[in-house]
Amino acid sequence: MSVANDVLLSVEHLTVEIGSGSRRVRPIDDVSFSIRKGEIFSLLGESGCGKSMTALSIMRLLPAGGRVVSGRILLDGQDLLQLSETGMRSVRGGKIGMIFQEPMTSLNPVMTVGAQIAESLQVHDPDSSSAIDARVVELLDAVGIPDPSARAGEYPHQLSGGMKQRVMIAMALAGKPELLIADEPTTALDVTIQAQVLELLQQLQRDTGMAILFITHDLGVVSQLADDIAVMYAGELVEVASRDTFFENNKHPYSAKLMRALPSMEKRGFQLEIIPGVVPSAGTEFSGCRFADRCHRVIDLCRQTEPFWTELAGAHGVRCHFADPNLSLPAHEQQDAVPEILHEHSVVADLGETLVDLDSVNVYFPIQRGVLRRVVGHVKAVDGVSLKIPKGRTLALVGESGCGKTTLGKGLLQLIRPTAGSVTFEGDDLGALKGEALRERRKDFQIIFQDPYSSMNPRMQVGAIIEEGMKAQNIGDKASRAQRVLELLGQVGLPEDCLDRYPHEFSGGQRQRICIARALAVNPKLIVCDEPTSALDVSVQAQILNLLAELQQSLGLTYLFITHNISVVSYLAHEVAVMYLGRIVERGTVEEVLVNPQHPYTQALLSAVPSVDSDSGRDIIRLEGDLPSPSNPPSGCHFHQRCPHRMDRCETDYPDEASLSDTHVARCFLL
Amino acid sequence: MPVVFITDGLLFGLVFMVLAYAIYASRHPHLRLPWKKVARSRMGMATLIILLAYVFIGLLDSLHFRPQLNSGSGSHPIVYSNEVLSVLDIVLQPMREHQEKTYSEPFALHLYSKETVESSAGVQQRIYPRLEFGGRHLSDPSQRSDDIISIMLIAASKALFAWLLIVLMVLSLLAIKHETPLLGLISKVVRGTSEIPWRIILLTLSVVILIGKVSYDLGLSYHVLGTDKVGQDVFYQSFKSVRTGLVIGTLTTLITLPIAITLGLMAGYFRGWVDDVIQYVYTTLNSIPGVLLIASAVLLLQVYMDVHADDFDTLEERADLRMLFLCLILGVTSWTGLCRLLRGETLKLRESDYVQAATAFGVANSRILSRHILPNVMHMVLITIVLEFSGLVLAEAVLSYVGIGVDPTTNSWGNMINSARLEMAREPIVWWSLMAAFIFMFTLVLAANLFSDTVRDAFDPRVQAER
Amino acid sequence: MIAYITRRMLYAIPILLGVNLLTFVLFFVVNSTDDMARLHLGVKRVNPEAVEVWKQEHGYDKPLLINAKAEGLEVVTDTILFTKSLGLFVFDFGRSDNGRDIGYDIRQRMWPSLAIAVPTLLVGLLVNLTFGLLIAFFRHTYIDLWGVIFCVALMSVSGLFYIVGGQYLIGKLLAVVPISGYDTGVNALKFLVLPVIIGVISGIGAGTRWYRTIFLEEIGRDFVRTARAKGLTERLVLFRHVLANGMIPIITGVVVVLPTLFMGSLITESFFGIPGLGSYTLDAINSQDFAIVRSMVFLGAVLYIVGLVLTDIAYTIADPRIRLN
């Protein structure tokens, strides 16, 4: 790599090992890159690729048992690995600041945020000791926290997730760092909050001129933010390029595949391109290219020889045999196969007959107070929701965390009984069904959960897990059930030898397949998919989305797809309902809502989604503040406090449904 | 005539349960894996060997019978002794029968207190008389140390020989099982690189065999740990106390396990009024100071047994019932902890996705409880069982000291301490009873504590986090 | 907060009723009132009249639980259970079966109990905290490994041996302090040293190991990593972040036992001849003095519940995240 004199941090041949003896693994293997002063350098990769470990090595904060085996980490020409522990301490929080993925757990819960920032100031900014309180307030103000002097005296739990991440940033800024390491800083946040934090980071970077090492798995965020991008795979760097080069002329098959695996509106009706398999674990022994097993253009050479790092023009580097000019291999430009068409997607959706009809459903949870535990109020998780789900279609329920979308899904399934309103399934009122009648009816509607790790009993074999529903519903005899389980495994693309294995032996994506097979076992008509891909990596997400789309085609399933991921919605759904604080604010077909959103909240939500395709000049509608508490929702329109178009009326009245087309409705006074 | 006490039956029942569990666990990877982890731990295996040695003694002492007094030939019906003996009593018969008059020090040849003895010349003397059994074969007291050393050496070489035979047998079996050459296996074991730490297992075994054999051989001609006030061999008493410790430590938890599990799961799963009632019950029980509850219960039993003295064939049977009752009442005061733990865990599990999924299939409550919740709290139950064991062994000693423990006629470490304490003021001090109880208890409890640490580390999901 | 405490106190009433009923039943399954009278009168003076007189004097001449002869409310109220329990709920313990004022005895005897229990608790806390932090500081080293094994070894020794061994070593062999006994005022000091030292030592094993677990758990948390990323020294990280958070379970663990300190320790007090509530209870058990046993059970239950409430309050003070409602 070119070493210019404006290089701030240079990582050279870094190799890290963890554990000892037979359990020794190498999560980082010979990684080199450099970060220029004042740039945003993004380290991109799926989970388990060694991104966070790289950041922790730079800080010399590796977990117990981890050690740097070889390599150098030069900051302004000084090797951090050679520093004494005392010397390193002045670098941590001084020249290098760091923020972490989980703002909820990264702050000390029993210290006020002001004290935690002051602590950093005392170490790195001794001059400020006379005016430390003023500096704390100044820093909190700089990261956009309203009323900073009051907030400095609060404890972390009194702040929302976004606020906590701002506090973390303020803390990192206290030492006036030249480099800020941000390890997935927005992954735990909602999109509208993510947009706020990203904007803050960009603005701070411009104002202070510090460099940022931004670690993420999200291509959208990268395209919006990064100057340079390094892609990590299985402990190695596979490609380093500037942003433009990366998005337009990437050379590594993994980079290309990652991009094509992203769901989007344009890919509707087509199979998503998938990367088969999963990221190999850190303990794997490699003989050739680490990506060989998942690569679509793999040749024998890839499995035999490890590819060298190839420097291309314009500070662009790739680790792939196809990019190596010394090996005259078939040209890289060769176009990949055109994705298979999955179904003809009608532009004007024919919505057909209704399977489920929700009519003003409420799900309230009582709040009890006082000596006698009287009910003093309700958490209105779902508040008067009416929806129709047409047969054989997908309705996406979109909203940020805490808006009540999961509660609505469980209310529909009668896992939580709605407090009021009716759920009509094929003409039967589910709320009126009790005991045995409800138990029998349950075979018609099933659920797939978000976290494939916790949704299966770890003590049961896969065969028994899939069979359980059939047993409970008295479907078939033992032999026919066993036959059906095998069939289901085939249907979701798993080998038959899974039967007597346990869930922990499978990867996240495979587990989600098992969960789908389990749901299908009772031949349901409706499946509530509760964020089924949000715990999965992009490449695996594509596999699951493809499977769900195929199953809908072949079995005529109806989905209620609960998600916060707009690109998944645009790829998969027919209709969209946007939920805010327990209420549906807008619904319509995908085209209507996503292309032409009418409610200010929908507009803000859509604009906040970082997208690979959009121009860098797009406007983000910045929402102020956080989602209010559903126990004490704002009067009138729930959104009025954060709405850029609020009027006086919004504070007192709740707007009626405004019909924009046969299928498109929104609740806003503007319409 | 064999006699089966209730605790004997329960103890052997427990052994069968453990065996059944072992077979079950070996077929279920989620149980096999953590146990494999235990099997790979040096600490775990070393302590397990020691625990097994105790269990072996305890089980020998649980095979009871009443010896035949006559041959029962012809017209005479067979008469059985009123005294109930165990297999251990037979093994340790010499020590049981070598009863002196009163205190004597370990390896002593003379009594601890002076007695007035009439010599052959008819002169009355105050002397320390020779013991009736301890070192009887020695004509000259000065030969004692030579004699002890020679007994030790012979016993040690015998023990070593036996141990080598066992080692050879174990290693050959291993070699056959894994189909590896014996020599390679031996070098692996010697270097300590075998997967299961055979080196430490076999070394611990050697120590156990060595100490066992040497002290047994010495015990045949000496009182290795002295004698107590009535001249009983303390070494024998200590061995007999092993069973008491084991019974209290295991049966207590066993008896209360069903209550704690049932109530804990019900309170957590059904919530509402069921939860309220169960919580009320255990808070109430918890708020009564434990010792007072145990005291009143034991007094209650005492009175009952005094009234119904005729219902018991033997003294031992009576003592056994009291021991069982003590387990029961100790259980009543200790089930609340596990119950509360299980309630909390069940509350969490019932909200878990896989229970929700089962509900969505319309799976019945009883099935959700038995298939989904119970298997996922069993590790807590197991950890509780092993953790409580050592605490209960210690508690027995304290309760016996207060006078509300096992029957005073039952051999127990608590009773040993209690009787020795009265002699604390004696000058010079009578220390060997205390020392014996200390060594036997400490070894057992330490081994149990270290073993339970290993088990907990292997089963605690927080330790397993790195999946 | 006040509503919460009120609610907890109201909840205590059914529990105390249950406790009282349970002790009552347990005791009278064993003894009839006649048995009690005979026991207290002594062998010589037993005759039916004397028994009746004793029962009348001590209020045991009524039916136990239900008075079938009475009418209206008196079916329940005119019984031994009711008359004997009523006083308890206003902390009037009445007279013991041998005529002593129990309330007075408790007030007298709680001081020696406290004089041992409080210093034992405080010194023990300090010692265990120090060792716990020290071991946590040397985590992943042999000091940690052997420290834990040493703790387990200390835990494996029966409390009786600590007392016997301590009495022998310090009291008898070195003859520094008297083995047992008690005195008033400053003179009590020399009698207190030994039980306190032994109490502290016997608690080191379990305490240190427990605190170590707590500290190690806190050391693994994200905010500790944040503190290190700030460039704080290991000392500051341990004391300001780890200790502060670890103190939450530790403080609450200590607070829950605070009220029960009044009750004293049966074993320690009887071994050292301290006239506290522990030995009081033990004597009452041995002489089957129902009035005292019942009073002590009741007092113990009240203190236990107070401990629970105090724990909850301590949580809200130590942990800003927790609010009671």
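Can you work out the FRET efficiency for the pair residue B:211 and residue B:136, with r the C-beta to C-beta distance and R0 = 22 Å, to the nearest 0.05? With R0 = 22 Å, the Cβ-Cβ based efficiency is 0.35.
Taking Cα centre as origin and charging only the Cβ of basic (Lys, Arg, +1) and acidic (Asp, Glu, -1) residues, the dipole magnitude of chain B rounds to 1820 debye. Placing +1 on the Cβ of every Lys and Arg and -1 on the Cβ of every Asp and Glu, with nothing else charged, gives the protein assembly as shown a dipole about its Cα centre of roughly 2260 debye. Each label was represented as a point 7 Å from its Cα along the Cα-to-Cβ direction; for residue B:119 and residue B:165 these points are 5.0 nm apart.
Of the residues C:67, A:448, A:274, the one whose Cα sits farthest towards the positive end of the charge dipole of the protein assembly as shown is C:67 (charges of +1 on Lys and Arg Cβ, -1 on Asp and Glu Cβ, taken about the Cα centre).
Between residue A:603 and residue A:287, residue separation times 0.36 nm minus the direct Cα-Cα distance comes to 108.8 nm. In chain A, a dipole from Cβ-located charges (positive for Lys and Arg, negative for Asp and Glu) runs towards its positive end, and of A:486, A:315, A:415 it is A:415 whose Cα lies farthest in that direction.
Taking every protein chain into account, the 1.4 Å probe leaves residue B:298 with about 10 Å² of accessible area, to the nearest ten.
Between residue A:500 and residue A:242, residue separation times 0.36 nm minus the direct Cα-Cα distance comes to 88.1 nm.
For segment C:11-90, averaging the sequence separation of C-alpha pairs within contact (under 8 Å, six or more residues apart) and dividing by the residue count gives a relative contact order of 21 percent. If the label point is 7 Å along Cα→Cβ of residue B:429, which residues in segment C:147-173 have backbone nitrogen under 16 Å from it? Once the point is set 7 Å along Cα→Cβ of residue B:429, C:158-173 turn out to lie under 16 Å by backbone N, inside segment C:147-173. When both segment B:173-189 and segment A:202-231 are represented by their alpha-carbon centers, they are found 58 Å apart. When only alpha carbons are used to place a centre, segment C:269-325 and segment A:276-294 end up 62 Å from one another. Peptide A:106-115 has a mean of 5 when you count, residue by residue, the C-beta atoms of other protein chains within 10 Å of its C-beta. Taking all protein chains together and rolling a 1.4 Å probe, residue C:308 ends up with roughly 40 Å² accessible.
Rounded to the nearest 0.05, the FRET efficiency derived from the C-beta distance between residue C:141 and residue B:370 at R0 = 45 Å is 0.50. Computed from the Cβ-Cβ distance with R0 of 45 Å, the FRET efficiency linking residue A:353 to residue A:375 stands at 0.65.
Rg/Rh for chain C stands at 1.07; both radii use Cα atoms, and Rh follows the Kirkwood definition. For chain B, the membrane-span-like helices by this rule, meaning whole DSSP H stretches whose C-alpha atoms cover at least 24 Å of axis and whose Kyte-Doolittle mean is 0.5 or above, are B:6-27, B:42-60, B:144-178, B:198-221, B:234-270, B:290-307, B:374-402, B:432-459; this says nothing about an actual membrane. With a ≥ b ≥ c the root eigenvalues of the C-alpha gyration tensor of the protein assembly as shown, is it rounded (a/c under 1.5), prolate (a/b larger than b/c) or oblate? Prolate shape, in that a/c is at least 1.5 and a/b is the bigger ratio. Of the cross-linked pairs B:101/C:190; A:257/A:443; A:405/A:434; A:51/A:525; A:471/B:348, those separated by over 32 Å at the C-alpha level are B:101/C:190; A:257/A:443; A:51/A:525.
Starting from the Cα gyration tensor of chain A, take the square roots of the eigenvalues, sort them a ≥ b ≥ c, and report rounded, prolate or oblate (rounded when a/c is under 1.5, otherwise prolate if a/b is larger than b/c, else oblate). Oblate. Below 8 Å between Cα atoms, with a sequence gap of 6+, how large is the relative contact order for segment B:402-454 in percent? Relative contact order, segment B:402-454: 27 percent.
For residue B:37, the aspartates and glutamates whose Cα comes closer than 18 Å to its Cα, not counting residues fewer than 8 places off in the same chain, are A:505, B:195, B:453, B:457, B:460, B:466. For residue A:359, neighbours were defined as the other residues whose beta-carbon sits under 12 Å from its Cβ, and their charges (Lys and Arg +1, Asp and Glu -1) total -1. For C:210, B:273, B:198, the ranking by accessible surface with the largest value first comes to B:273, C:210, B:198, using a 1.4 Å probe. Mean per-residue shielding of peptide A:496-509 is 1, counting Cβ atoms of other chains within 10 Å of each Cβ.
For chain C, modelled as a Gaussian network with Cα springs under 10 Å, which listed residue fluctuates most, C:249, C:48, C:112? Ranking C:249, C:48, C:112 by mean-square fluctuation puts C:48 first. Look at where the Cα atoms of segment A:501-577 and of segment C:136-208 average out, and the two centres are 62 Å apart.
Across segment A:80-86, coupling constants 3J(HN,Hα) worked out from phi with the 6.51/-1.76/1.60 Karplus curve, θ = phi - 60°, read 5, 5, 8, 5, 6, 4, 5 Hz, and Gly and Pro carry x.
Local charge for residue A:407 was computed over the other residues whose Cβ lies under 12 Å away, with Lys and Arg +1 and Asp and Glu -1, and equals +2. Among the protein heavy atoms, those of residue B:80 account for about 70 Å² of accessible surface (1.4 Å probe, every chain in place). With a 10 Å cut-off around each Cβ of C:215-228, the average count of Cβ atoms from other chains is 5. Helical runs assigned H by DSSP (4 residues or longer) give chain C a calculated mean residue ellipticity at 222 nm of -22500 deg cm²/dmol, each run adding -39500 (n - 2.57) before division by the residue total. Our summary gives segment C:116-324 a relative contact order of 22 percent, counting only alpha carbon pairs under 8 angstrom and 6 or more residues apart. Inter-label distance, residue A:264 to residue B:220: 9.1 nm, where each label sits 7 Å from its Cα along the C-beta direction.
Taking 7 Å steps out from each Cα toward its Cβ at residue A:553 and residue C:3 produces label points 5.8 nm apart.
The values are calculated or read from the model by the stated rules, or taken from the named source; none is laboratory data. Being a predicted model, the structure only gives us computed values, none of them experimental. Counting neighbours? That spans all protein chains shown, and the Cβs are built from the backbone with ideal geometry, glycine included. Note: accessible area is taken over every heavy atom of the protein model, side chains too, but ligands, DNA and RNA are not part of it. Shrake-Rupley method; radii C 1.70, N 1.55, O 1.52, S 1.80 Å.
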